[in-house]
1. So what's the gap between the Cα centers of the stretch B:72-97 and the stretch A:167-233, to the nearest angstrom?
2. With a cut-off of 8 Å between alpha carbons and a minimum separation of six or more residues, what is the relative contact order of chain B in percent?
3. Give me the aspartates and glutamates in straight-line cross-link reach of B:K179: C-alpha distance below 15 Å, same-chain residues under 8 apart excluded.
4. Go through B:L374, A:L62, B:V300 and say which Cα lies farthest out towards the positive end of the charge dipole of the protein assembly as shown; charges sit on Cβ, +1 for Lys and Arg, -1 for Asp and Glu.
5. List the lysines whose Cα sits under 20 Å from the Cα of A:K30, skipping any in the same chain fewer than 8 residues away.
6. Rounded, prolate or oblate, given the Cα gyration tensor of the stretch B:1-150, with a/c below 1.5 counting as rounded?
7. Within 10 Å of each Cβ in A:216-227, how many Cβ atoms from other chains are there, averaged over the peptide?
8. For the stretch B:294-443, what class follows from the C-alpha gyration tensor (a ≥ b ≥ c being the square roots of its eigenvalues): rounded when a/c is under 1.5, otherwise prolate if a/b is larger than b/c, else oblate?
Amino acid sequence: MSNAWDILNRAVLSGRVRRAYIWGSYGLGKSYTSMQLLAKRLQSFDRVFQVTLSEDMVVQELLGHYVPHAHEFVWHDGPVACAMRNGGLVVNELPRASGAVRDLFLAVTDDSATASIALPTGDKLRPHDGFTVIATGNQSPDQAGLDPALLDRFDLVLEVKTPHPDVISCLNKARKGLGSAIHDSYLDPERLVSPRQAFAWLRLKEEFGESEAASLAFGDKAEGIMTVLAALA
Amino acid sequence: MSRERQRVIPVPAIAHGKGPFRIRESSNGGGFCDFRDKIFSAPLRKDSITARAVRTHEYGHLITDRIGLLAHKKLMKECAKAGIDQGWANAAADAVVNTFMLTKDLGEIRELPLCLPDDEALAYVPKYTLAQTLLRTDGTKVRMEVKWKLRDLDLLTYEEVNLIDQAAISLSELSCFEKPIRVPFVLTLLSYLQTVFGPFDQPITLAGAGDGFEKVPSSLVDQGLVNQLSSLIGSQTFSGVWGTMEEVHPPLSKPCQKALQALRHKPGFVGPFRFPHRALLPSGDGMAFAHKRRAQGGTVLIDMSGSMAITESQISELLERIPAVRVAGYASAEGDMTRGRLVLLANRGFRVNNVWQTCCSLLGNGNIVDGPALQWLRKQIRPLVWLSDGTVTGVDDFCSAQLTSEAISITRTGGIKRVATLNDLLGFIGRHGRLPTIQDLHV
């Protein structure tokens with residue numbers, strides 16, 4: 001198992017890490033792995049909440065807002081609030097978040113002894129025991145321009161460079177050498193091939209045949225990939 | 001379609017399992033991989049069959065190195081240590097790659113292009129370069145074209161082309177098994193090829209009159225030995241050891257009058273004072289001095305094993321026509337296949353009393369010591385002629401590629417001319433009045 005993935009695995013499952021930022025190229029399985037680890041840790045997939053941030057997303061979408069119900073407005077917890085009360089949180093694309101959302105996460109990722117968010121209802125939202133948040137991104141903390149104060153709150157900042165070993169195994173089982181080819185493509189970041197493209201090829205080849213599916217899924221890299229797969233078969 | 005869309009994106013890191021690589025688009029249609037500096041160069045056009053073939057070939061180098069089929073770096077390093085031209089190593093690697101990729105049904109390899117210079121310029125290409133080119137085309141469509149061209153232009157002999165074919169087959173057979181090819185085996189094979197084709201230690205001088213170039217001299221390698229080497233490579237019979245050789249000098253008691261007469265000092269007016277009775281005039285003619293007659297000489301070494309038999313009259317005829325000749329015969333020692341003997345049979349007009357009896361008592365039926373005998377021959381007075389059917393053996397009368405390769409090297413560097421039969425030799429002497437040299441292609 002890749003050292004970075006092993007570290008993440010052990011850190012989260014042992015409960016010793018409550019706040020982690022994982023970064024690396026696209027398609028590595030950061031989000032999926034984070035979801036799986038939190039679900040295992042909390043022993044229920046239903047208690048894991050995932051949000052994918054964008055520049056336009058506002059705090060209310062994450063924390064909560066009032067919704068009309070009958071003749072009144074009722075507070076509705078957002079995914080962050082739900083997770084803080086009774087679950088785990090996976091935050092994707094943290095570097096893309098707006099300034100206001102990043103400020104929210106200063107409170108979300110604060111130490112559990114002091115973390116507290118005042119809701120418009122008057123409640124104080126505090127993280128439950130065992131609350132864990134894993135943030136992911138494609139950029140290093142420096143490249144992402146994360147606030148040093150926010151960065152400081154993460155117990156673990158980890159770079160992953162290659163796809164998750166389970167992704168590789170799954171692809172290798174589906175087609176011998178495919179997973180290894182995808183793994184090796186990440187050694188050359190300018191010409192990497194995402195596991196998503198590989199999964200797309202596996203689906204498309206049923207309809208179009210291997211060669212045409214490769215052109216559709218891998219584009220201009222198709223020839224090289226198919227040559228290597230044939231040679232290493 | 002934009003220029004970018006017309007080009008593939010190569011993925012050498014996926015092929016090699018290491019990266020990142022620098023990609024260079026080749027402008028001349030060729031390609032190469034540099035494992036150390038991680039460079040991948042190939043034409044990138046999508047719409048070209050030959051460009052695709054070149055890319056597939058370069059991927060092949062990366063993949064064969066990755067799976068350990070042929071350790072490229074180790075092969076280059078060992079070749080450099082052994083004094084084998086890097087061109088041979090590259091040609092062998094290319095042949096292995098082509099075969100391997102073909103076994104994986106990557107038939108585009110067959111479309112690999114080859115740019116040969118025009119026919120006139122080909123004559124100035126060193127022989128080893130031509131041979132390397134032929135080796136590296138193994139598995140491609142152009143191979144037959146190259147083969148026929150080199151034969152038609154008489155740049156490689158039939159035996160030499162056959163040798164390259166056998167070497168390619170040996171490499172191909174190993175490439176199919178996907179087990180690591182042992183570098184020492186490849187080194188041995190390449191050393192045989194370099195023994196036949198070069199490059200040799202003596203540099204080839206290209207400066208000359210006219211347009212500044214002179215033709216590279218044609219091969220001085222014995223083609224019969226090349227033929228034997230081919231079949232031994234084909235049967236994978238490589239190692240062998242020469243027997244130990246003993247020199248025997250029986251008494252040369254029988255004179256050949258005609259030879260002695262030819263060698264006798266001729267009276268004259270210059271030279272050492274030798275005929276005092278002619279010195280005083282007018283009774284004498286004043287020709288009291290002597291000078292040596294110029295007489296044809298050289299050395300003939302005869303393989304006396306098996307079927308080669310030499311008669312008294314043949315020896316006498318040889319002495320009469322080449323008065324200053326030295327003749328020796330060699331074979332295994334009587335009843336012993338680990339040792340051999342070289343027997344001096346004639347020298348400067350004198351020979352053994354009974355050739356047949358001498359040979360029967362001292363010599364057996366095997367070769368055993370062709371190498372040591374040839375080493376003796378190259379130290380003798382030139383021209384040097386080796387009378388043999390071209391089969392060389394070592395201990396236990398065993399043929400091997402190693403021994404044949406050594407014989408080729410000795411004959412080439414020693415300037416030794418092999419003649420198949422004594423009748424052929426006597427026929428040549430009859431026509432030219434001298435022993436043949438290595439430059440005489442037809443005897």
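1. When both Cα centres are located, 33 Å separates them.
2. 12
3. Correct list for B:K179: B:D65.
4. Of the listed residues, the answer is B:V300.
5. A:K40, A:K161
6. Cα axes put the stretch B:1-150 in the oblate bin.
7. If you average over the peptide's residues, the count of other-chain Cβ atoms is 5.
8. oblate
The values are calculated or read from the model by the stated rules, or taken from the named source; none is laboratory data. Computed from a prediction, not measured in an experiment: that's the story for all the values here. Positions of Cβ are backbone-derived with ideal geometry, glycine not excepted, and every protein chain shown enters the neighbour counts. When the accessible area is computed, the model is the full protein with side chains, heavy atoms only, and any ligands, DNA or RNA have been set aside. Shrake-Rupley method; radii C 1.70, N 1.55, O 1.52, S 1.80 Å.
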